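The values are calculated or read from the model by the stated rules, or taken from the named source; none is laboratory data. Note that the structure is predicted; figures quoted are calculated from it, not measured. No Cβ is skipped: glycine too gets one built from the backbone with ideal geometry, and neighbour counts run over all protein chains shown.
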Amino acid sequence: MTAFVLRRLLLFVPTLWVIATLTFFMVRLAPGGPFNAERDIPQAAREQLMRQYGLDRPLGEQYVTFLANAVRLDFGPSYKFPTRQVREIIAEGFRVSAELGGWALLVAVLLGVPIGVIAALRQNSALDAAAMAAALAGVSVPNFVLGPLLVLVFSLTLYWLPPALWQGPESRVLPVLTLATAYVAYVARLTRAGMLEVLRQDFIRTARAKGLPERRVVFQHALKLGVLPVVSYLGPAAAGLIMGSLVVEQIFAVPGLGRYLVNGAFNRDYTLVMGVVLFYAGFLMALNLLVDVAYAWLDPRVELR
Amino acid sequence: MSALPLARPAVEPDTAPGPPASLWSDAWRRLRRNRVAVPAAFFLAFVSMLALFAPWLSGLADPAAQDLRLGATWPSVAHWFGTDELGRDAFARVVYGGRISLLVGLVGTLVSLVIGVSWGAVAGYAGGKLDELMMRVVDVLYALPNIFLVILLLVFFSRSLLMLFVALGLVQWLTMARIVRGQVLSLKQQTFVEAARALGATDPSIVFRHIVPNTLGPVIVYTTLTVPAVILQEAFLSFLGLGVQPPAASWGTLVSDGARVLALFPWLVLFPGLALSLTLLAFNFLGDGLRDALDPQDRRESA
């Protein structure tokens, strides 16, 4: 187990290096600089800016400097907001995004797993069909369609919840719900499929045959294996939540990392975009490792190598 | 006594009742009986026809024709989905938006299909160091949330439709490569491959003429599920303003535009959103149906 974790951690380095290199060259070789968009900058001022950010150095030197700094999580000042360090922006934005994403994930698991278990236990009943139809609808309605619709109903018609801004607990409800819905649905479908698979197996029949109450069969024996697909889905789910947070933060004016990234992309804020992308890549890799370990811990049949 | 008496089948093939059903006819029969996949397929056919023939439909308004005096109006007999702030017919705009959305979905999928199948087949067939290297590349790309790559490509290069195709296709092939590689790994052990090799077939011909056609089932299923994924990503990007650029409009652009005037003209979000959601739903239904039809044993992925 320890060897496995170490090996995976060692893989982080080349992977992050490849991503960093890819991002760096993609950004630097792209047409247009970050200061070209500003109109009427005197030539001297532009040169001064380029010097300040080291953009006048040869590309190779810029690359080495970038890598050396990136190791220390130092991505330099933002191009658009020169008084702010990218590192600070990431720290600030991620706190908000993590809260949003964390709640969404929690909602997805706490709602999705029970729905899936119930649907599996009542397989082919009307309840099962209704739950799965709802789940499919939930998967199919994109969050950027759902978000405005929720705002329309709960903010603009019923006046129950604020339509935007990230202030106070009630302002969390709609963004979290918008982000979580697709994952509730997907987790429910995964749980159902996993439970159906497990409930067919011999050890469940044995458990029933030896007279265990159905409750124990389902919750102690079946559920532990039945949620395994959900556990391995948590990695992709986190990636999806990050992607979803880009639009959700836009719709609800949430000051998270996704918003910084999208705005940074529009502004050609090179340092900010690279910093955020690298940060999220590392974050997701760490998370995936965690998921793999959790999976092995839950399923003794899996051997980590 | 022959050398391999145990290899003889217990039932002679010619005693089986009726003609043998091939995988495809069997799958077709199962698919036709699917109560959601068939309507989904009809719906998709309808939407595609509408999108394809939109310029020649005489009843359809010009999606770009403005009527500023009319402005935004509720849905009516004259304008089924209402009109937008500029008095443009929202139904026509949704139909023309579908043209872009479906086109991006299909082309993006095609790009990912070509890359994914080739990559996976070569890696799986070659095995060894090359396989290891190719799959490591896939792992690395997997670690990067693909939307970032798309955003980077679109922002730093250009926001043309062509770039959108390429960018979306470039990030969607990873799963396909893994699926095909897994299939190839097991297929290349089978006797028909050995037979082909014994007959002197070259490696490329073994891979692309003998092995790849046998991976078609999972590939079709995954392709059907990739189309809505690409459509969704395009809409997502267009919503953020990074995708299709005006005056062209996809469903994502329409939802994005509508969301800005949500409080006043809610139907401008509702209809494009509905068109997009129903299309995605239909693709997912069809994909599920195809999976059940083509691979009835495989229940692991049926979530």
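Of note:
- Residue within segment B:138-156 that is in contact (Cβ under 8 Å) with a residue 40 or more places away in the chain, away from every other protein chain (no Cβ under 14 Å) and assigned to a helix (DSSP H, G or I) present: no
- Filter result (closer than 20 Å to A:G256 by Cα and either modelled with pLDDT of 90 or more or among the polar types (S, T, N, Q) (or both)) within segment A:109-147: A:N143
- Counted as qualifying within segment A:197-305 are the helices (runs of 4 or more DSSP H) with 3 or more residues that are touching a helix residue (DSSP H, G or I) at 6+ places or on another chain (Cβ under 8 Å) and within 13 Å of chain B (Cβ to nearest Cβ), namely A:228-251, A:257-267, A:270-298.
- A:P163 satisfies every condition listed in (1) facing chain B (nearest Cβ under 9 Å); (2) assigned to a helix (DSSP H, G or I); (3) of a type outside the set (K, R); (4) under 19 Å from A:S245 (Cα atoms) except (2).
- From the list B:G108, B:G169, B:G124, the one residue that fits, being closer than 28 Å to B:S277 by Cβ, surrounded by 24 or more Cβ atoms within 10 Å (Cβ to Cβ) and among the small types (G, A, S), is B:G108.
- Among residues of segment A:117-133, those that are under 17 Å from A:E214 (Cβ atoms) and small (G, A, S), counted: 3
- In segment B:235-252, the residues that are within 11 Å of chain A (Cβ to nearest Cβ) and either assigned to a helix (DSSP H, G or I) or surrounded by 21 or more Cβ atoms within 10 Å (Cβ to Cβ) (or both): B:A235, B:F236, B:L237, B:S238, B:F239, B:L240, B:L242, B:W251, B:G252
- Of the residues examined, A:V151 is one that is at the interface with chain B (Cβ under 10 Å from one of its Cβ atoms), assigned to a helix (DSSP H, G or I) and farther than 25 Å from A:Y233 by Cα.
- Checking each residue in segment B:47-103 for being under 27 Å from B:L164 (Cα atoms) and polar (S, T, N, Q) picks out B:S48, B:S101.
- Of the residues contained in segment A:190-199, none is found to be modelled with pLDDT of 85 or more and touching a His at 6+ places or on another chain (Cβ under 6 Å).
- Every residue from segment B:261-288 that is within 17 Å of A:N143 (Cβ to Cβ) and more than 7 Å from chain A (Cβ to nearest Cβ): B:L270, B:P272, B:L274, B:A275, B:L278, B:T279
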